[in-house]
Amino acid sequence: MAPRGESVNEEMRLRSRRRLMRATVELVDQHGYAATTLADIAERAGLARGLVSYYFDGKRLLMQAATHRLMHLELAAALAEQSADASPQARLAAVIDAVLQLALDHPRVMRSHLALILDPDVGDFVQDPEQQQLGAILREVLADWGAEEPIAEHAVLRSALMGACIGLLLPGAQTPLPPIRADLFARYSLPWELGRPPQAEAPPRPHWVPQEAAPR
C-alpha cells in the first residue's frame with residue numbers, strides 16, 4: 001500500500017481535532033466542564049485517549065478551542081443566511097444575535113469558557129486557530145460596517161459581547177435578553193428590527209445608553 005500523502009495526513013489530523021472539539025461541546029453541554037474528563041471526550045469522539053494530548057495541551061485549551069470553533073461556525077452560518085445584498089448593519093446585527101443566542105443555547109459551555117478565560121490562575125489566554133478564525137470574521141464584519149480601526153474595534157466588540165454573555169448567564173442574577181441586546185445595538189447604531197429581535201419593540205434605553213451613537 002502506498003504511503004499517504006501529507007495532504008491526506010493533514011486532513012485526517014483536522015478531522016480528529018474537529019471530532020474532539022465537537023465531543024467537548026456535546027459533553028460539557030450535558031454534564032458541565034468539571035464532570036467531563038479527557039477520557040470521556042476521547043470516547044465520545046471515537047479516538048484514542050492519547051490523541052487528545054497530542055492535539056491539545058490539556059482540557060482547558062481544548063475547551064477554549066472547542067468554544068471558539070462553536071462560535072465561529074455559528075457566526076459563519078448566521079452570515080451565510082444573509083442575502084447577497086444585505087447591508088453591513090444587517091451583517092453586524094446577525095453576528096451579535098448569533099453570539100447572544102449561543103449563550104442561551106449552550107449556557108454550560110459559555111459559562112465554562114468565560115470562567116476559564118477570566119481565571120488568571122489557570123493560564124494565559126491563547127489565540128488558537130479557532131479563535132483566529134472567529135476574530136477574522138468579526139474584523140471583516142466591522143470593517144464593512146465602517147470601523148476605522150477594525151482590530152481595535154474588534155477588541156471592543158469582543159469585550160462587549162463577552163460582558164453581554166455574562167449578563168445573560170450570571171447564576172441567580174441573569175439579565176433578560178432584550179435590554180442587553182438593545183444596549184449592544186445602540187452602541188453600533190443598529191435598528192432593533194435587524195437580525196432576530198426577541199420582541200417586536202425595543203425596550204426603553206437605560207439612562208447610560210446614548211440616544212444615537214456617533215455616525216460612521
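Below, the figures for the structure above:
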| item | result |
| --- | --- |
| Highest-fluctuation residue, P178, P120, P107 considered, GNM on the chain with Cα pairs under 10 Å | P120 |
| Difference of contour (0.36 nm per residue) and Cα-Cα distance, L118 to A152 | 10.2 nm |
| Selected from G146, G172, G58 as most flexible by GNM, with the chain as the system and alpha-carbon contacts under 10 Å | G172 |
| Projected label distance in nm at D105 and D85, using a 7 Å step from Cα toward the beta-carbon | 2.9 nm |
| R0 of 30 Å, Cβ-Cβ distance R187-R18: FRET efficiency to nearest 0.05 | 0.35 |
| Residue with peak Gaussian network fluctuation, the chain [Cα springs, cutoff 10 Å], from D57, D144, D105 | D57 |
| At R0 = 41 Å, FRET efficiency that the Cβ-Cβ distance of E43 and Q127 yields, to 0.05 | 0.90 |
| Residues of segment 174-196 with amide N under 15 Å of the 7 Å Cα→Cβ point at D144 | 195 |
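No value in this document is a laboratory result; all are computed from the given coordinates. If you're wondering where the values come from, they're calculated on a predicted model, not measured in any experiment. Note: ideal-geometry Cβ built from the backbone for every residue, glycine included; neighbour counts use all protein chains shown.
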